[in-house]
Structures are given as C-alpha cells and as structure tokens.
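The values are calculated or read from the model by the stated rules, or taken from the named source; none is laboratory data. Source: prediction; values computed, not measured. We place every Cβ from the backbone using ideal geometry, glycine too, and count neighbours over all the protein chains shown.
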Amino acid sequence: MPIHSENIQHPQPSSQITSSSIPDVHQIPLVTPKPSTANVPTITAPKPATPDLSPEEREAIKQSMNLPDTLPIVNCLARARIPTTQGPEIFLHLYENNIDNKEHLAIVFGENIRSRSLFKQRKGETQQDRMTRGAYVGRLTPGRTIADRDEILNKELHFNEDGTLIIDEKTYSDPTLVRIHSECYTGETAWSARCDCGEQFDEAGRIMGGDGHGCIVYLRQEGRGIGLGEKLKAYNLQDLGADTVQANIMLRHPADARDFSLATAILLDLGLVEIKLLTNNREKIVAVEGKHRRVKVLERLPMIPLSWQQKENGIHSKEIEGYLSTKIERMGHLLEKPIKIN
Ligand SMILES: [Zn+2]
C-alpha cells in the first residue's frame, strides 16, 4: 500500500503542553484541520496485520455484544465532491436511516466507490436531478447535461431493468481501507487533548488519501454514544478522579453505548464487503462485520498514537495518557502500552 509521503517535513511544534502548564489558546496544537500537506508529519506506515481474532475469541465477543439480527435500512440522500486542504479529493455521502434521525456520513476516497441507494434510478427524475443528488459518473463540469455518462472521461453507468446500478466489482477488487469513526466534537473541533479522536481521524484520512481508495464511515454518536452533554459531565467526573469507563458508569451509561450496525449497513450500500479495518478495538471488528458477517474484515491495521511514535508530534497531556491506558487496560484495545511519555 503506497503511502503518500513526498515533500513531508516535520512540523516545528510551537510549544509542548505539559500536565503542569495551563494551555494558552494560541499554544493548543491544532489537530483538525491541519494547514496543509506540507505540515503532515512523516510516520511509520501501519504494518498489515491479521484481524488478531481466533474463531473462539470472535464467537466470545459476538456473544457478549448482542448484535442485531437485521441491519438498519440506510439510504444515501446526496453525495458531493469535496476538494480538501490535505490534497486528495473526497466524496462525501450523506445517509438517512430507519433507526435514528441523525445524518450519518461516509467519507469516500475514490470516485469508483458507488452507493447502491444513491445511484438507483428514481421514477420521474431527470438527468439534472441525478447530477444534483450526486448520482453521476466521472466529474461535473459547467454545461454537462447527462449524469450517467461522462463524455470527457469516457465513463458510463449501466442499470438493470429495475433501475439498479450495475457495479463492475473488478474496479476495486482489493480489500478496501475502512475506518469507523464516531463523532467527537471536543477532539475534532475544540482541540481537546483528552482523547485522540481528531488525530486518528486525520491519520485515517492521510492513509486513505495516499492509497487513493478507502472509506471513513462517520457516525453521529458523540461520546461513545452518550451525547455531548453527558460527555462533558463525564469529563468533570474524570477530573474528580474517575477513568473514562468509571465516569460513564457513574452517569448510568454503559462504558460504550455505540452501535456499529449503521456502519455495516453503509458499507454494504457502498459495496465494501471485504475490508481492511483501521482500528485497535477488537470489539469493533466483530461489531462491524455484523451478526451474519456480511462484511468481512480481512486485515486489521493498527492506529498507533503519534505521540508514541515521535515524541514531538501528536497529543501530549496527562489526560490522553489516562485515556489510552483505560482503552488498553479496561476496554481490551490491541495496543501495547509504550514506555511512559515525558
Ligand atoms: Zn474523542
């Protein structure tokens, strides 16, 4: 898997936040967004790994998870090309579903990954309607009139009699890189150093951008599913001495209230049935595959915190150390704890 790494230089951190210093807003290292690809640090590419699960372990995890028998129904409402500050273009897919009223997303790297529900022909719609929804092939250019055919790139879509898109599976036969990401307002937007969500999100995007093919399923389940308000309360309990698991339990929430069946349904809609999953979380492997393993995780790629790879990069805080320790010791994540940072 080629990782895009040309012209990458190490950023010069303006300062390092230690547990004893009070962060100045100007000194908070920006995790998302980064200003340009020139500042993306070089890191060791994750080594391919097996899913790390024996059949017995998989079954034991499955038994403990109570996975739903049927998957949610998802429908892709719209898709649009997004040029990014990081370089690669992405196709953002917005989904509705039949189990909650949230707008979950798929961030797709690669024009050839297509949503079945988005591309299905709808009665009475025009080619203009299809282009507006994002159900087009190739690239939109001013004056283009046909959604199903790109004359410039010489690409054309074909449909069954019932209007279902015919997919040429050969266009992406390799297992596709996938990351399942749960929304984290604090980590992605408010520069929080309590967790590594923003960093992991950026890393997943960087790896997929380099590969040119991948999908981040972005689920709107803030705070491991408990919501932002409850997460803020949990942070206060953590400042009072609880770890992330204890804090959730004190608030009468499960340690992890997330549901990944929406991710499974979205991956199936995108035709991503054999995947390489970027995760350290064993339960996530089993959860994403679903009860009947309609999606198969063929490889697991670890997400190593940047601060463990290069001291100057990544998040440094007392809180992140506790957060990562809890993930490893209390939640069974597949990370080896490194020698203590700082
Ligand atoms: Zn987070």
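Among the residues of segment 34-52, is there at least one that is at pLDDT 85 or above and in a strand (DSSP E or B)?
Among the residues of segment 34-52, not one is at pLDDT 85 or above and in a strand (DSSP E or B), which makes the answer no.
Look through segment 201-234, keep the residues that are charged (D, E, K, R) and modelled with pLDDT under 90, and return whichever of them is farthest from residue 262 (Cα to Cα).
Among residues in segment 201-234 that are charged (D, E, K, R) and modelled with pLDDT under 90, the one farthest from residue 262 (Cα to Cα) is 211.
Only residues that are among the aromatic types (Phe, Trp, Tyr) and assigned to a loop (DSSP other than H, G, I, E, B): list them for segment 183-223, please.
Once the filter is applied, which keeps residues that are among the aromatic types (Phe, Trp, Tyr) and assigned to a loop (DSSP other than H, G, I, E, B), segment 183-223 yields only 191.
Pairs needed: first member in segment 164-188, under 23 Å from residue 136 (Cα atoms) and of a type in the set (D, E, K, R); second member anywhere, at pLDDT below 95 and more than 10 Å from the ligand (Cβ to nearest atom); C-beta distance under 8 Å; at least 6 residues apart or different chains.
169/271
Matching residues to (1) under 18 Å from the mean Cα position of the chain (by Cα); (2) within 12 Å of the ligand (Cβ to nearest atom):
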residue	(1), (2)
175	yes, no
185	yes, yes
195	yes, yes
201	yes, yes
209	yes, no
220	yes, no
233	no, no
239	no, no
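Would you pick out the residues in segment 97-114 that are under 15 Å from residue 270 (Cα atoms) and either of a type in the set (D, E, K, R) or free of Cβ contacts under 8 Å to residues at least 24 places away in the same chain (or both)?
Scanning segment 97-114 gives 111, 114.
Tally time: how many residues in segment 84-101 are at pLDDT 95 or above and not in a strand (DSSP E or B)?
Looking only at that region, the number is 1.
Name, by its number, the condition in (1) over 25 Å from residue 70 (Cβ atoms); (2) within 14 Å of the ligand (Cβ to nearest atom); (3) assigned to a loop (DSSP other than H, G, I, E, B); (4) modelled with pLDDT under 90 that does not hold for residue 255.
Residue 255 satisfies every listed condition except (2).
Out of the residues in segment 73-83 that are outside any loop (DSSP other than H, G, I, E, B) and out of contact with any Asp or Glu (no Cβ under 7 Å at 6 or more places or on another chain), which is surrounded by the fewest Cβ atoms within 10 Å (Cβ to Cβ)?
So, considering only residues that are outside any loop (DSSP other than H, G, I, E, B) and out of contact with any Asp or Glu (no Cβ under 7 Å at 6 or more places or on another chain), the one surrounded by the fewest Cβ atoms within 10 Å (Cβ to Cβ) is 80.
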